[in-house]
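The values are calculated or read from the model by the stated rules, or taken from the named source; none is laboratory data. Computed from a predicted model, the values in this text were never measured in an experiment. Quick reminder, even Gly has a Cβ in these numbers, built from the backbone with ideal geometry, and neighbours come from all protein chains shown.
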Amino acid sequence: MASTTSADGTPGPAGDPALNAAQRARDLRAATADTGTGTGTGTGTGTGTDIVVIGGGFTGVGVALDAASRGLSVTLVERGDLASGTSSWSSKLAHGGLRYLARLDFPIAWESAVERGRLMRRIAPHLIRPVPMLYPLHTGVGRLEAAMTGAGFLAGDIMRMLARTPKRLLPHPRRISAAAVRRLAPATTSRGLRGGLLSWDGQLVDDARLVIDLARTAAAHGARIITYAEATGIERGRVHLTDRLTDETHTISARQIVNAAGVWSDTLSDEVELAPSKGSHILVRAARLGHPSAAVTAPVPGHFGRYVFAVPWHNGLVMIGLTDDRHHGPIPERAHPDGAEETFLLDTINAVLDDELTPEDIVGSYAGFRPLIRSTGPSNSTGASGSADLSRKHALLRDPRTGTLTIVGGKLTAYRRMAEDAVDDAVKTCGLPAEPCRTSGLGLVGKGTPASGLPEHLVSRYGTDAAEVAAYGDADPSLNEPVRKGIPLTGAEVRFAVEHELALTVEDVIDRRTRWGLVDADRADLYDAVARIAPELITQSRHEG
């Protein structure tokens, strides 16, 4: 497909990026009909696909986009919804690598700074915005610690400049007064407050939305995107899967299979040994913290370079996170922090607040699991191995039995580089006829200058696609109304999620396309309202049945 070009000269999506149930069915039929020999023993008459990607999180959709934009044929299969794993449970920050500078891990810090700049300038400027990061200097922060932190901010700013991210996006760090601290974050403690350090980082409008737009952009370049299709077995050149919506089984042939299943990668390859790390967040009302306009940073006592952040988000919420501890046992489909984790987050952030938060202030919570490569680490006070110091480097592991290429580890900010490395390896190993990588300057769907007069709340989430969302309300004014009193989610957004963003269940809409389901008290009413607007969506009871 031919690509289009954005106003800033960077290439954009090539074809129709709409994903929906009908397109999924077509993709599934095409992928299973196109079953040839590949490098295995397929029995169909087709030629197979160049690459089958298993996993619909950041890494998987990143691989699909990279490969498809190079001219390769790609099929992505995901056992649940897009971003239904860790990719939707992050801190929503595109970090520049400051934490890794503190550990003198310059390669990862540099990679983070470069990839953050690419995201903010060329790939998804409509989905990633500058956010001020405030480090209050109060009685709990000594002069030496403040000086070292300030030096780290300056080193991060040098990385930012070397990565050619302009200061209009991420201004220079600076020292600010106590009064300025209180203006940015009114709930910050005034006891012994002698000012603060102000730096800047990238904040995702929504991590799940970035994954979805990556998938839609990959589809625009010809990738097949098939959700609710679980890989149940891998042979050399063949993936066996079950359609979780119909229970039918299928086989797809491929010249290269890429295992990007994240924290579940080790269930698909004997070569992968993971030490999952649990990252938990709690949600509180922004009003409870005086509607902060900056993220508040609280150092974790006894762990230089580790922090808990209170980050303003949309929907009137502030996210507080995160934990970083080894997880043992099965990985749940949906996880929440336990009591000890909630206590840790509250205790750490309360050290920088005037009016302490309590468990009653928590209106929602979530947790994700990082697929860290197993290694031996120190023990923490609970006897479990800590994971905060495990490497965030990504790794490529090839299974000698099946030829499957597994990509694990890494960080959200570096998903694009991870995908590039995986596709480079597949191209070299399998002799695939691919063009050079294009993703460092490839804009996602929604990038560009939106038409004038569109509602700001739509522009801030959909970019240029806001016009298409608004068109639903133009055709049917009732779709401009909130789906439920007190929640400004419109029927137009629900319809767009169903017809363009591959939302197949009510949970897909409220948990990943809009995130309004994160507040526990609103979830049941919202669920029913969305089901009325889009009756074709599968309900949880039907899906489980």
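If I filter the range 180-198 for residues that are aliphatic (A, V, I, L, M), free of Cβ contacts under 8 Å to residues at least 40 places away in the same chain and not in a strand (DSSP E or B), do I get at least one hit? First the steps, then the outcome.
Within the range 180-198, the first condition is being aliphatic (A, V, I, L, M), and the residues that meet it are 180-181, 184-185, 187, 193, 197-198.
The next check asks that each one be free of Cβ contacts under 8 Å to residues at least 40 places away in the same chain; those that pass are 180.
From what is left, the residues that are not in a strand (DSSP E or B) are 180.
Yes; the residues of the range 180-198 include at least one that is aliphatic (A, V, I, L, M), free of Cβ contacts under 8 Å to residues at least 40 places away in the same chain and not in a strand (DSSP E or B).
For the range 476-534, the set of residues classified as hydroxyl-bearing (Ser, Thr, Tyr) and either within 21 Å of Ala18 (Cα to Cα) or in contact with a Leu (Cβ under 8 Å, 6 or more places away or on another chain) (or both) consists of Thr490, Thr505, Thr514, listed by residue number.
If you check Ser293 against the conditions, is it of a type in the set (S, T, N, Q), buried (at least 18 other Cβ atoms within 10 Å of the Cβ) and in a loop (DSSP other than H, G, I, E, B)?
Numbers: of a type in the set (S, T, N, Q): yes; buried (at least 18 other Cβ atoms within 10 Å of the Cβ): no; in a loop (DSSP other than H, G, I, E, B): yes.
Judged against the criteria, Ser293 is not a match.
The residue that is farthest from Arg103 (Cα to Cα), counting only those in the range 300-321 that are touching a Lys or Arg at 6+ places or on another chain (Cβ under 9 Å) and modelled with pLDDT of 90 or more, is Gly316. Taking each residue of the range 466-481 that is under 12 Å from Ile533 (Cβ atoms) and looking for partners that are charged (D, E, K, R) with beta-carbon atoms closer than 6 Å, six or more apart or interchain, yields Tyr472/Arg495.
Is it true that Val258 is among the β-branched types (Val, Ile, Thr) and more than 30 Å from Ile538 (Cα to Cα)? Answer is no for this residue. Among the residues making up the range 45-67, those that are farther than 21 Å from Glu435 by Cβ, part of a loop (DSSP other than H, G, I, E, B) and in contact (Cβ under 8 Å) with a residue 24 or more places away in the chain are Gly46, Gly55, Gly56, Gly57.
One line per residue, one yes/no per condition, for (1) in a helix (DSSP H, G or I); (2) modelled with pLDDT of 95 or more; (3) closer than 30 Å to Val459 by Cβ:
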| residue | (1), (2), (3) |
| --- | --- |
| Gln203 | no, yes, yes |
| Arg209 | yes, yes, yes |
| Asp213 | yes, yes, yes |
| Ala218 | yes, yes, yes |
| Gly222 | no, yes, yes |
| Ile225 | no, yes, yes |
| Glu230 | no, yes, no |
| Val239 | no, yes, no |
| Leu245 | no, yes, no |
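Scanning the range 414-461 for residues that are surrounded by fewer than 24 Cβ atoms within 10 Å (Cβ to Cβ), in contact with a His (Cβ under 9 Å, 6 or more places away or on another chain), part of a helix (DSSP H, G or I) and not basic (Lys, Arg) returns Asp421, His457, Val459, Ser460.
Listed here are the helices (runs of 4 or more DSSP H) enclosed by the range 484-545 that have at least 1 residues being of a type in the set (A, V, I, L, M, F, W, C) and modelled with pLDDT of 90 or more: 491-500, 520-533. Reported count of residues in the range 322-339, each being buried (at least 21 other Cβ atoms within 10 Å of the Cβ) and modelled with pLDDT of 95 or more, is 1. Could you tell me whether any residue of the range 175-192 is over 22 Å from Ala351 (Cα atoms), touching a Gly at 6+ places or on another chain (Cβ under 6 Å) and either among the hydrophobic types (A, V, I, L, M, F, W, C) or modelled with pLDDT of 95 or more (or both)? Within the range 175-192 (the criterion being over 22 Å from Ala351 (Cα atoms), touching a Gly at 6+ places or on another chain (Cβ under 6 Å) and either among the hydrophobic types (A, V, I, L, M, F, W, C) or modelled with pLDDT of 95 or more (or both)), the answer is no, since none of the residues qualifies. From the list Arg70, Arg129, Arg116, Arg79, the one residue that fits, being farther than 23 Å from Gln256 by Cβ, surrounded by fewer than 24 Cβ atoms within 10 Å (Cβ to Cβ), in contact (Cβ under 8 Å) with a residue 60 or more places away in the chain and among the charged types (D, E, K, R), is Arg129. So, Ala340, is that one out of contact with any helix residue (DSSP H, G or I) (no Cβ under 9 Å at 6 or more places or on another chain) and either farther than 30 Å from His457 by Cβ or in a strand (DSSP E or B) (or both) or not? Taking the combined requirement at face value, the residue satisfies it. Figure legend. Inter-residue proximity from the range 316-344: first residues basic (Lys, Arg), second residues at pLDDT 90 or above, beta-carbon distance below 7 Å, spacing 6+ or different chains. Indicated pairs: Arg326/Ser277. Filter the range 173-209 down to the residues that are within 20 Å of Leu119 (Cβ to Cβ) and either of a type in the set (D, E, K, R) or out of contact with any strand residue (DSSP E or B) (no Cβ under 6 Å at 6 or more places or on another chain) (or both) and list them by number. Listed by number, the residues that qualify are Asp201, Val205, Asp206, Asp207, Ala208, Arg209.
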